[in-house]
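Notes follow once the structure below has been shown.
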Amino acid sequence: MSPAPADPPEKAVTDKALTEKALAIHRRLCGVYGCPIPYFHDLDPVSELISSLLSHRTRNADSGRAFKALRARFNDWDSLIAAPTAEVQALISGVTWPELKAPRIQAVLRAVRARAGSLDLGFLREMPVAEARAWLEAIPGVGPKTSAAVLSFSALRMPALPVDSHHHRVAQRTGLIGPKVDVGPSHAILRAQLPADWDAQTLYDNHEILMLHGQRCCFHRNPACGSCAVLDLCPTGQARTEARRPDGAVALHP
Ligand code: SF4
């Protein structure tokens, strides 16, 4: 079989420049937010899977409360599968779309049990990350963000890169990904910009610092570009600050 064609030279240059920018942003924001960032969860992987499914488009405090309510009600996750869906829905009523999430969580857990033989996902630890992610994403309702969260945030502590909406926004504004790249496809692009041999903690740090930056500086509306540590690396911030009007207000860019 003939070898795969090499990337065109201009693409290789672009990729190298993006990798250098991704590393520069990582170093800069690590300095701001203090790496290594402590892990916020130490859940077993199935519990992390449930927590992640609850968290979609929901504030952390609300999904945390819903997860605690499920934990308090059910002795084990098999009992959650067997429970009436309406009861699960009532327990998680504080999250966004409880009427969709309750049946989805039950269906995902059922699929895990059918494919793995139990609700123990510890075997994923023995797989390469790409394989473990593919195993999880083969379950309807599990996407790249959830698979990465299960591997990274749970006690598995595997080197996977989750991308949430804050992380995605900062990556888009700094030009690490294009304006039309959605959260799902951004996972592979952003991971490929970082060294292949980064360990779980360093990849977790990368996700956390970009997420924290989105929460504390690169706000959805009116990002604080004037006090941003990566302004010199960010075309959006530079355009915004150049567009500053004489009265001190800033013209809104995406
Ligand atoms: S310069 Fe502005 S747009 Fe760019 S990352 Fe910083 S806060 Fe966000």
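The values are calculated or read from the model by the stated rules, or taken from the named source; none is laboratory data. Note that the structure is a prediction, hence the values are computed from the model and not measured. With ideal geometry, Cβ positions are generated from the backbone for all residues, glycine too; neighbour counts draw on all protein chains shown.
Quick look at the numbers
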| quantity | calculated |
| --- | --- |
| Number of the exception - R157 against (1) on the phi < 0 side of the Ramachandran plot; (2) away from the ligand (no atom under 16 Å from the Cβ) | (1) |
| The listed residue being more than 25 Å from A138 (Cα to Cα), in contact with a helix residue (DSSP H, G or I) (Cβ under 7 Å, 6 or more places away or on another chain) and either without any contact (Cβ under 8 Å) to a residue 12 or more places away in the chain or in a helix (DSSP H, G or I) (or both), out of C35, C30 | C30 |
| Positions within segment 197-229 being outside any loop (DSSP other than H, G, I, E, B) and among the aromatic types (F, W, Y), in sequence order | Y204 |
| Some residue of segment 166-176 being surrounded by fewer than 15 Cβ atoms within 10 Å (Cβ to Cβ), over 16 Å from C30 (Cβ atoms) and not hydroxyl-bearing (S, T, Y) | no |
| Options R115, R125, R133, R110; residue that is touching a Ser or Thr at 6+ places or on another chain (Cβ under 6 Å) and farther than 20 Å from G64 by Cα | R133 |
| Segment 156-182 residues that are under 30 Å from L121 (Cα atoms), paired with ones that are part of a loop (DSSP other than H, G, I, E, B) (beta carbon under 6 Å, 6 or more apart) | P159/D199 |
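Yes or no, residue by residue, for (1) within 9 Å of the ligand (Cβ to nearest atom); (2) within 17 Å of the chain's Cα centre (by Cα); (3) at pLDDT 95 or above:
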site: H166; (1), (2), (3): no, yes, yes
site: R169; (1), (2), (3): yes, yes, yes
site: I177; (1), (2), (3): no, yes, yes
site: V183; (1), (2), (3): no, yes, yes
site: P195; (1), (2), (3): no, no, yes
site: C225; (1), (2), (3): yes, no, yes
site: L233; (1), (2), (3): yes, no, yes
site: E242; (1), (2), (3): no, no, no
